[in-house]
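Each reported figure results from applying straightforward, stated rules to the coordinates on display, with no laboratory input. Small disclaimer: the values here were computed from a predicted structure and weren't measured. Note: ideal-geometry Cβ built from the backbone for every residue, glycine included; neighbour counts use all protein chains shown.
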Amino acid sequence: ASPNPWWSNAVVYQIYPRSFQDTNGDGFGDLKGITSRLDYLADLGVDVLWLSPVYRSPQDDNGYDISDYRDIDPLFGTLDDMDELLAEAHKRGLKIVMDLVVNHTSDEHAWFEASKDKDDPHADWYWWRPARPGHEPGTPGAEPNQWGSYFGGSAWEYCPERGEYYLHQFSKKQPDLNWENPAVRRAVYDMMNWWLDRGIDGFRMDVITLISKRTDANGRLPGETGSELQDLPVGEEGYSNPNPFCADGPRQDEFLAEMRREVFDGRDGFLTVGEAPGITAERNEHITDPANGELDMLFLFEHMGVDQTPESKWDDKPWTPADLETKLAEQQDAIARHGWASLFLDNHDQPRVVSRWGDDTSKTGRIRSAKALALLLHMHRGTPYVYQGEELGMTNAHFTSLDQYRDLESINAYHQRVEETGIRTSETMMRSLARYGRDNARTPMQWDDSTYAGFTMPDAPVEPWIAVNPNHTEINAADEIDDPDSVYSFHKRLIALRHTDPVVAAGDYRRVETGNDRIIAFTRTLDERTILTVINLSPTQAAPAGELETMPDGTILIANTDDPVGNLKTTGTLGPWEAFAMETDPE
Ligand code: TEU
Ligand code: CA
């Protein structure tokens, strides 16, 4: 690949189609809705649109359970609508990346239906294991092993037609594909080529670092009877986490390199980004080093768990902005030599970052902290990913009752931890859902202050599939796109900076010691130019020390308050959420 491939100064915008724009009044977003908003996205200045899945699906996990990879689900429209979206996007210089979900399929996929017959050629396309009465998963000495699903309960589901259990790391309607089987890999590559030949510009690859499972010499999984590989200890919910045994398995690099050869070699102008739970910054360097011919970039999650305990995403732990930057710096340092980084703080699985790590309790606090977080997102080295609504400063849903939630991960977690096991009270679990539930990111896009925020018609015959946030009357695109001081305009200026300033796109990263764990600072240097970014990620005044004591002079490129450097020099402190990027003299 050339030293600076096209995506090295690009910005990607993630669309969650279900919540983006409804055009036929059924309360669900659709492809025609995305097409109707392409001018908004072109004006924002992004280069690539990543669509969460729109393939045919029972919608058990909102489309991450695919039953036909080569068709569009009627909920979103038709293949013709997809072709129209591609054509209209390309007319505007926008690329379209689709979501590739091939660690698992839906249990309603034809491959899985066929696999239920042991004599069918598809019999070995999934992870099947015999059942022994009295050793059901979840009981002591369970067989095949004690693995638990990300979405609660056991990772093994009994299939009466076949008389065996099948593995599903996610919901029981998402059986894991057996990537050890070359026929599975061939079918995936053929489907990928079919879409690329149709004109899409690449893929975001769902949990692609889970496809290679660790097995022993006899093909047994950890913890299985007779396996040489021991399972991890069982957690408080009675299961062990399969991730350590599935993430970054022994054939990870082999599979990714084979996929590159079979699908992408000979093509150009594409982008591949792998969702990479369980991958460290060091492994990111190897997988994204172009010399290894695997993926262009990965989503790492080390920084996204900084405020959660390792045992459970629902339980928070004390953290500081310095901890957050330490995780980001690990990835920045790892790509200093080879490889590349994706930059993200928001997506459809995470709570809204302005509510999580900023302040959504006041208009000033929300706008200022959203801009401070935008600087954190856009000023590091890598490819920034803006999640729909993040550019507006959209907030968490602040749901108060379980029936407002839609996400099976949250609903299952509540039932399992409150009703089935009682390891959490309703109050603490409702607080956890409000803080970390994925539905926080999935409330409808807020286009204007009309009844349903312009997501669907004000006189729509049905309610949207999930409640519109009441604060859409104060937070919406219509109010922000022409306001130079809006969160939207701040993101727009940062996106432009990524395109126009080579220091932002390619400058070397160096962390700056601020002597204060609430103040993040780092420089980017290229040739003779250095840009310093300073962010007080805290609701209170903060006095920097360390390298920031001798505040360098320079030209302010962008700031979220009037005169941050002036204030810093006169008061010796940074105001709440104060953040800026300035051109400085090279050290
Ligand atoms: O997410 C993978 C994953 O690990 C998620 O469970 C996420 O990390 C977690 O929910 C954080 O709270 C991918 C998709 O992004 C997600 O929407 C799907 O539910 C999941 O895979 C299964 O396809
Ligand atoms: Ca619709």
Report summary line: Sorting 355, 64, 306 by the position of each Cα along the dipole of the chain (Lys, Arg +1; Asp, Glu -1; all at Cβ), the one nearest the positive end of that ordering is 306
Query raised in the report: Which FRET efficiency value, to the nearest 0.05, is calculated for residue 251 and residue 508 with the Förster distance at 45 angstrom and r the Cβ-Cβ distance?
Result: 0.85
Report summary line: Expressed as a percent, the portion of alpha-carbon pairs in the range 228-335 spaced more than 22 Å apart is 45 percent
Query - Cβ-placed point charges (K, R +1; D, E -1), dipole of the range 435-587 about Cα centre in debye, nearest 20 - result: 560 debye
Query raised in the report: Could you give the angle, 0 to 90 degrees to the nearest 10, between helix 363-378's Cα long axis and the longest principal axis of the Cα atoms of the chain?
Result: 70 degrees
Query raised in the report: What does the convex hull of the alpha-carbon atoms of the chain project to on average, in nm²?
Result: 26.0 nm²
Requested in this report: Can you pull the one-decimal nm distance between simple spin-label points at residue 84 and residue 132, each 7 Å off the Cα toward Cβ?
Outcome: 5.8 nm
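Hull surface divided by four, with the convex hull built on the Cα atoms of the range 256-409: how many nm²?
Approximately 11.1 nm², given one-decimal rounding.
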Query - Extreme residue, positive dipole direction of the range 15-100, given options 40, 19, 52 (C-beta unit charges) - result: 40
Query - Cβ-based net charge around residue 48, under 14 Å, with every Lys or Arg adding one and every Asp or Glu removing one - result: 0
Requested in this report: Compute the separation of the alpha-carbon centres of the range 534-581 and the range 158-188 and state it in Å as a whole number.
Outcome: 53 Å
Query raised in the report: In straight Cα distance, which lysines are under 30 Å from residue 32, not counting same-chain residues fewer than 8 positions off?
Result: 91, 95, 173, 492
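Full extension from residue 108 to residue 120: what is 0.36 nm times the residue separation minus their Cα-Cα distance, to one decimal in nm?
On the way: separation 12, 0.36 × 12 = 4.32 nm, distance 1.63 nm.
This chain segment gains 2.7 nm when fully extended.
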Query raised in the report: Going 7 Å from the Cα of residue 528 in the Cα-to-Cβ direction, what parts of the range 549-587 have a backbone nitrogen less than 18 Å from that spot?
Result: 553-555, 583-587
Report task. Evaluate the charge dipole of the chain about its Cα centre and quote only its size in Debye, nearest 20, assuming +1 on the Cβ of each Lys and Arg and -1 on the Cβ of each Asp and Glu. Result -> 480 debye
Query raised in the report: For the pair residue 319 and residue 428, what calculated FRET efficiency results from E = 1/(1 + (r/R0)^6), where r is the Cβ-Cβ distance and R0 = 25 Å, to the nearest 0.05?
Result: 0.85
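Rounded to two decimals, what ratio of Rg to Rh does the range 267-320 give with C-alpha atoms and a Kirkwood Rh?
1.12
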Report summary line: In degrees, nearest 10, the alpha-carbon axis of helix 79-91 is tilted away from the dominant principal axis of the alpha carbons of the chain by 30 degrees
Query raised in the report: Taking the Cα-to-Cβ direction at residue 400 and at residue 336 and moving 7 Å from each Cα, how far apart do the two end points lie in nm?
Result: 5.1 nm
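If you place +1 on the Cβ of every Lys and Arg and -1 on the Cβ of every Asp and Glu, how big does the dipole about the Cα centre of the range 86-209 come out, in debye to the nearest 20? Walk me through the numbers on the way to the answer.
On the way: 14 positive and 20 negative charges, 95 e Å.
The calculation lands at about 460 debye.
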Report summary line: Measuring from the longest principal axis of the C-alpha atoms of the chain, the long axis of helix 487-500 (C-alpha) lies at a number of degrees, nearest 10, equal to 90 degrees
Requested in this report: In whole angstrom, note down how far apart the Cα centers of the range 220-264 and the range 421-451 are.
Outcome: 31 Å
**Report entry** Simple spin-label estimate for residue 473 and residue 499 in nanometres, 7 Å along Cα-Cβ
**Finding:** 3.6 nm
Query raised in the report: Stretched out fully, how many nm does the piece from residue 361 to residue 36 gain, at 0.36 nm a residue minus the Cα gap?
Result: 113.8 nm
